[in-house]
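The values are calculated or read from the model by the stated rules, or taken from the named source; none is laboratory data. As the structure is a computational prediction, the values presented were derived from the model and not from experiment. A quick note on method: Cβ atoms are made from the backbone with ideal geometry, for glycine too, and the neighbour counts reach across all protein chains shown. Remember, those area values only see protein heavy atoms, side chains included, never the ligands or the DNA or RNA. Shrake-Rupley method; radii C 1.70, N 1.55, O 1.52, S 1.80 Å.
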Amino acid sequence: MVRGAPTSDGITNVTLYRDGTVKVWQQGSSDPRIFDHGSSVYGVALTPDGNTIVTRGEDETVKVWQQGSPHPSRCDHGSVLLDVAFTPDGNTIATWGEDETVKMWRQGSYDPRVRDHGSFVYSVALTPGGNTNVTGGEEGTVRGWEQGSTDPRVSEHGSDGHVHDEGHPA
């Protein structure tokens, strides 16, 4: 097992395995939903309602699994992925990788909005609906992106030259 974590609903647990298996456990059930990413799985996100799961794998892909469907849709980020997250409303997926970008994927659309942070991205924060996202990078800046804007607001931060969260320590 790579890691296990409870989801925000407090009644679902997710376990990730190096063989590509993801198991989603509902409290009180001994039969998990099982997904096969196809390569080692290093990250997962679930929508707030638990009906959609997203996995990120060693193969640089994100797979989107809908409740009741045995086949995922696939998003290619194009570089080593660092993490994946949903906006709080569950309608937008964010991926970020070593290519210094954050890609925002609306559910059902696989043509992402690309945010070029300009350095290695350690963390991403998302607002409901994905209208604003904030990126923190290794060069010590925080960038705030409004939907439709190509120019982020930038602020200096991080006394060690890095901006990260507890999920992505430097």
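Legend: calculated FRET efficiency, residue 29 to residue 127, from the Cβ-Cβ distance at R0 = 45 Å, rounded to 0.05, equals 0.85. Here the accessible area of the range 28-72 is 45 percent carbon and sulfur, with a 1.4 angstrom probe and all protein chains present.
For the pair residue 36 and residue 66 in one chain, pulling the backbone fully straight at 0.36 nm per residue adds 9.5 nm over the alpha carbon distance. Remark: the residue 74-residue 98 segment gains 6.7 nm on full extension, using 0.36 nm per residue and subtracting the alpha carbon distance. For residue 62, the shell of other residues with beta-carbons less than 13 Å away shows a net charge of -1, using +1 for Lys and Arg and -1 for Asp and Glu. Count Lys and Arg as plus one, Asp and Glu as minus one, and take only other residues whose Cβ is under 12 Å from that of residue 74; the net charge is then -1.
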